[in-house]
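Single-structure report; data block below.
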Amino acid sequence: MSSESEENLTEQKVQSALKNIIRDGVASQAMGILTGGAFLTAFAVKLGASNFVIGLLAAIGPLSQLLQLPSIFLVEKIRNRRLIMNFLFLKIWGGYTDRFINKSVLAISGPLFMLSILAWTLKT
């Protein structure tokens, strides 16, 4: 017994999905290598980071996973991921960059963030 979705699954759709999974895997591995482990530590040392900063960089990844549980409830309640991300980026990240970082960081990262949302929207 097969469902409707299995009947509409063509070989072309399967091949397209496999290509997308491979691309996703490559991007995930690249991000994992560049944002953690030996590469990040060596880069931080090259920039002159202290032991505290290197430890903080190593801890940010696992600590950020703690935010996944509350975010599930938030997405389920609001049902609009784009609204949540725009709020978080513009209100929270924008406030921090305005207060603690040079405003040029916000001027560059804001359009890049919006461009990434546009690219994601057009891709899906």
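Got a sec? Which of Thr97, Thr124 is modelled with pLDDT under 75 and surrounded by fewer than 10 Cβ atoms within 10 Å (Cβ to Cβ)? Outline the logic, then answer.
Details: Thr97 fails: surrounded by fewer than 10 Cβ atoms within 10 Å (Cβ to Cβ).
Checking each option against the conditions leaves just Thr124.
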Are any of the residues in region 34-55 under 24 Å from Arg81 (Cβ atoms) and either in contact (Cβ under 8 Å) with a residue 12 or more places away in the chain or not β-branched (Val, Ile, Thr) (or both)? yes
Could you grab the pairs with beta carbons closer than 7 Å, sequence gap of 6+ or different chains, first residue in region 56-73 and closer than 18 Å to Ala44 by Cα, second one not in a helix (DSSP H, G or I)? Gly61/Gly36
Any chance Ala30 is within 18 Å of the chain's Cα centre (by Cα) and among the small types (Gly, Ala, Ser): yes
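The values are calculated or read from the model by the stated rules, or taken from the named source; none is laboratory data. Because the structure is predicted, anything quoted here is derived from the model rather than measured. So basically every Cβ, Gly included, is an ideal-geometry build from the backbone, and we count neighbours across all protein chains shown.
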